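The values are calculated or read from the model by the stated rules, or taken from the named source; none is laboratory data. Predicted model only: the values in this text are computed from it and were never measured. Neighbour counts run over all protein chains shown; Cβ positions are idealised from the backbone, glycine included. Surface accessibility is based on the protein's heavy atoms, side chains included, excluding ligands, DNA and RNA. Shrake-Rupley method; radii C 1.70, N 1.55, O 1.52, S 1.80 Å.
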Amino acid sequence: AMPLAIAVLDLDGFVALERSWGRPLARQVLVDVARHLQAALRRSDTVARLGDDRFGLILNHITAFEAKRLVYQLWRSLALRPETVELLGNGAGRLTFTAGIAVFPGDASEPRELYTRAEIALDVARASGRRRVLLYAETSGDSGEDRHGTDLRYHRSHESRREDPE
């Protein structure tokens, strides 16, 4: 009966990174991301790699607002280990992701449906631009309308103020 959220994260530009730097370095980036997510989340939460450049999170005892805030904080703090950045050299840009979130009990009461709705939120976020965290409740169905200004391009962290948004 406790609220929980499912978040699906898809790394931005990962395919291009893999093509440019090769599979071994791309795997190292995935390991770094997994370690970062695991270290940044609470012990009660779960991180899983869903395939390719996609990760799933199960966030326990959390509301929609808290889940969105937590995933946004993950986005802001996402960083590769210094060893990986050194291997990438000057080609290392800021690593970002796009995410979709669905919350129990508001969005769905069945696990499969909750996951599907998180995927829908991710698809809508992807279709309307990169670097976003979008709740299923914000998707307005499949229209992609963003009613709450969740576009992360306009919420740059202090460290990335020098970068122009995509």
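Treating only the Cβ of Lys, Arg, Asp and Glu as charged (+1, +1, -1, -1), what charge dipole size does the range 1-132 show about its Cα centre? Round to the nearest 20 debye.
The dipole magnitude comes to about 280 debye.
Gain in length, Arg43 to Ala127, computed as 0.36 nm per residue apart minus the alpha-carbon separation, to one decimal in nm?
Numbers: separation 84, 0.36 × 84 = 30.24 nm, distance 3.25 nm.
Extra length from Arg43 to Ala127 when fully extended: 27.0 nm.
What distance in nm separates the two pseudo spin-label positions at Arg112 and Arg27, each 7 Å out from Cα along the beta-carbon direction?
For Arg112 paired with Arg27, the spin-label model returns 3.3 nm.
Rounded to the nearest 0.05, what FRET efficiency is calculated for Asn60 and Val15 with R0 set to 25 Å and r the Cβ-Cβ distance? All intermediate terms of the calculation are to be shown ahead of the outcome.
On the way: r = 32 Å, r/R0 = 1.27.
E between Asn60 and Val15, to the nearest 0.05, is 0.20.
Considering only protein heavy atoms and a probe of 1.4 Å, how much of the accessible area of the range 70-111 is carbon and sulfur, as a whole percent?
Using a 1.4 Å probe with all protein chains present, the range 70-111 comes out at 55 percent carbon and sulfur.
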